[in-house]
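This report concerns only the one structure given below.
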Amino acid sequence: MLKRLFLLLIYFFAIVSLCFSQASKKGSPYIHNYSIDDYSPENYRASPQNWAVFQDSSGIMYFGNTDGVLIYDGTQWRLKYLPNRSVIRAIKGNHGNTLYVGGENEFGKFVKGSGGKLKYSSYASLLPDSLERVRNIWQIFIHNDTIVFQERNKLFIFNDDQLVNIIKTEYQFFWGFKYNDQLFFFESGRGMTRLTEGRTKLVPNGDFYEKHTPRAVFRWSEDSLLLASPIDGLAFYDGKKFSYWDIPVSDFIVKNRLYTGTQLSENLFALGTQNAGVMIMDKKGEVQELINKKNGLQNDMVFDMMQDAHGNLWLGLANGISFLNLNSPFRYYTEKYGIPKQNYYVTKHEGNLYFSNDAGVYSKPWSDLSSDLTIHKAKLLEGAKGQSWLFQKVGGHLLCGHNNGVLVIKDNEVKEILPVPTNVWEIIKDPFKENFYLACSTEGVYYLEYTGNEVKIRNKLKGFDENIAYSAFDTTGHLWVSNAINGIYRLTINENRDSVLNIDHYTMDDGLPSEEGNWVYRFDEKMVITNPNHFGIYKYNFEADSIEPYEKLNQKFQVKGPVTLLSKDPQGNSWIRDDGLVKIYKPGRNNKDGELVKKPFQKFKNRNLERISFIDSNYVFFGTDEYVLNYSRDYDYDLDKPFNAHIRRIISMQDDSVVFFGNLSSNNAVSLP
């Protein structure tokens, strides 16, 4: 018994998971591209090409690489070779300790043995000496009690490590699949066959695929299949006859050479191509997502794919490996979509998405995909170049604060720039004057008026020429404003909205946490103040005419630090960012306590998620310094799904020997004293 054990390496392979049947359609999923430099340490060198993907029951990922089996535990990569160092094009595992692999002139299994080592046993060595050289093993099936290895024109069938049958074809096994515990193959010159009684038998109307093969087959219903081919697209099979599905996706997978596919859920299908990355289609035949080099994938040639235990997708590529975090409420608009990195606000108007940033205002169609199944990119609006800020919808117009004044956007064009002579930070509505709006600038307020046909500058508000970064009206009609310095101000404006009658100035002497950096809002009919450099939320006490901590909100929202976001969406939920974390407060019904949701945004803690835009009842956008983040509120997923932790090595402190090599199975559990 070892007296002392030292845990050298503990790695975690955790991806919070979710419900697998949904797909958020605005923006790209998080994509992690693993290049050859990532998975090839200095002591060995793997190939860029990855032919097969598999995940075992503990969450470890395996990739059939041109140079061997790549093993990834979420942190560390390893490479295992076949005895002849051949390519590995097929991988399949069982629920136990065994990983079956197929290469060129070599195939067999890796078993997790004593001490967690992977030990290889060759099945090729069990073949008759009279058999000609084995070519590539392209697929492996676990079928009942047997393991079936598919070569170009043979099926090698093993049971309990013994060769029990070799099934030969006069033709060629193009490809195979398993359905309802039966094995089917596509044989050139013959068609679709079923393995039965030690031979392959043509299925009804099977010669439909006599001269070509599908590359993906999906369960469509209890008694029908959907087949996808790079030659003639999509077709249904009901057990008696085949029928084409003539939709744009069919043309797409023919044009872009379908190579592989997997069913993500009852309603979603992933199609991997050689020329255009991955397409995700629903059961209506509508494209939900297209993921390729144009929006973040490192390579468009997909050799294999697998949905992992958390509902995400791993891709084996002609050059690299990619992970797609499909099962997430978050999507991203990056520079790949044509917008700059740093963005401020987003809005939807007249069927387009608009992005404001330091370079100007960019727009793209609301749909991410065009009718010809290409990705819509954002473009800078002509006349919109320059620093742009908050949007405001007025009638059928879209206004945007800009360093040249106020942009008036209509029909996806800048129709006019209202000549406010200074930078306009935000445009707010005057709730006490119909059709009046305030353009808050570096030199005070300019009143705008909507006449029913156009928006025009009405007048400058006289009597206050300070920089206004934040502004809001209180319930009594006073305008509160703040900037980076000098505290906050309460302005009394005359009825004609052309002059300031009185200015009340609030500083630290009145309860502000600082003279600098105060943000003023109207929230739940109260005037509140936050400061990015000081703890918590403050409010204006009308009776005391002073500023004080807003203890009720601080407790309700469990505030733990400075608050840099405080907003309420149209559905009545409160959005807060404090101490670097975004939280959502969902009010309870019938005066019951509400729910404070924190977990979805934990991965973005201390990221700059302060600039929020509510697009509709589902989509919430954040302008950040790296990308535009889209959060789908309707995406229902399990935030408490457990994850696996992997002990990857145990070393004895007595003799510095390795007693556990990191591949834990039911048969090699390690007991620690």
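The values are calculated or read from the model by the stated rules, or taken from the named source; none is laboratory data. The structure presented is a predicted model; accordingly, all values stated were derived computationally and were not measured. Note: ideal-geometry Cβ built from the backbone for every residue, glycine included; neighbour counts use all protein chains shown. The protein model used for the area step is the full one, side chains on, heavy atoms only, and it has no ligands, DNA or RNA in it. Shrake-Rupley method; radii C 1.70, N 1.55, O 1.52, S 1.80 Å.
Along the Cα-to-Cβ line of LYS293, 7 Å from the Cα, sits a label point; which residues in the range 245-271 have backbone N less than 18 Å from it? Label zone hits: 255-259.
Per residue, the range 436-577 exposes an accessible area of 44 Å² to a 1.4 Å probe, with every protein chain left in place.
Across the range 183-245, C-alpha contacts under 8 Å between residues 6 or more apart give a mean separation that, scaled by the residue count, equals a relative contact order of 23 percent.
Here LYS393 and LYS433 are evaluated by their C-beta separation; at R0 = 25 Å the FRET efficiency comes out at 0.90. Can you work out the accessible area per residue across the range 274-330, with the rest of the protein chains kept in place, probe 1.4 Å, in square angstrom? About 24 Å² of surface per residue is accessible. Overall shape of the range 286-412 was characterised from the C-alpha gyration tensor. The equivalent ellipsoid obtained from it has semi-axes of 34, 14, 13 Å, in decreasing order. From most to least packed by mean Cβ count within 10 Å, the peptides 624-632, 321-329, 478-486 give 321-329, 624-632, 478-486.
Local charge for MET527 was computed over the other residues whose Cβ lies under 13 Å away, with Lys and Arg +1 and Asp and Glu -1, and equals -3. For VAL254, the shell of other residues with beta-carbons less than 13 Å away shows a net charge of 0, using +1 for Lys and Arg and -1 for Asp and Glu.
In terms of Cα atoms, the Rg and Dmax of the range 462-606 work out to 16.1, 49 Å. For q values of 0.12, 0.15, 0.28, 0.31 Å⁻¹, compute log₁₀ I(q)/I(0) with the Debye formula on a Cα-only model of the range 428-483, without solvent. So the normalised log intensities are -0.26, -0.41, -1.21, -1.32.
Model label sites at ILE417 and ASP223, defined 7 Å from Cα along the beta-carbon direction, differ in position by 6.8 nm. Rounded to the nearest 0.05, the FRET efficiency derived from the C-beta distance between ASP238 and SER130 at R0 = 41 Å is 0.45.
Spherically averaged projected area of the convex hull of Cα atoms, the range 567-635: 4.8 nm².
Straight-distance candidates among the lysines for linking to LYS586, with alpha-carbon spacing under 18 Å and chain neighbours fewer than 8 residues away dropped: LYS552, LYS556, LYS568, LYS598, LYS599. Entry for the chain at q = 0.09 Å⁻¹: log10 I(q)/I(0) = -0.88, Debye formula applied to identical alpha-carbon scatterers, no solvent contribution.
For the range 547-596, count all C-alpha to C-alpha pairs, find those more than 12 Å apart, and express that count as a whole percent of the total. Result for the distance tail: 64 percent. Computed extension length for SER370-GLU525: 51.4 nm, one decimal, from 0.36 nm per residue of separation with the Cα-Cα distance subtracted. Normalised per residue, the accessible area of the range 92-199 is 47 Å², obtained with a 1.4 Å probe and no contribution from ligands, DNA or RNA.
For LYS112, the lysines whose Cα comes closer than 20 Å to its Cα, not counting residues fewer than 8 places off in the same chain, are LYS80, LYS92.
Carbon and sulfur: what percent of the chain's accessible surface (1.4 Å probe)?
45
Applying both filters, DSSP loop and at most 13 other Cβ atoms within 10 Å, to the GluC sites (Glu not before Pro) of the range 270-338 gives GLU286.
Relative contact order for the chain: what percent, with Cα pairs under 8 Å and sequence separation of 6 or more?
Computed over the chain, the figure is 13 percent.
Remark: the GLU266-GLU595 segment gains 115.3 nm on full extension, using 0.36 nm per residue and subtracting the alpha carbon distance.
From its DSSP helices (H runs of at least four residues, each -39,500 (n - 2.57)), the chain gives a residue-normalised ellipticity at 222 nm of -500 deg cm²/dmol. Annotation: extensible slack from ASN494 through LYS586 equals 29.3 nm (criterion: 0.36 nm per residue apart, minus Cα-Cα distance).
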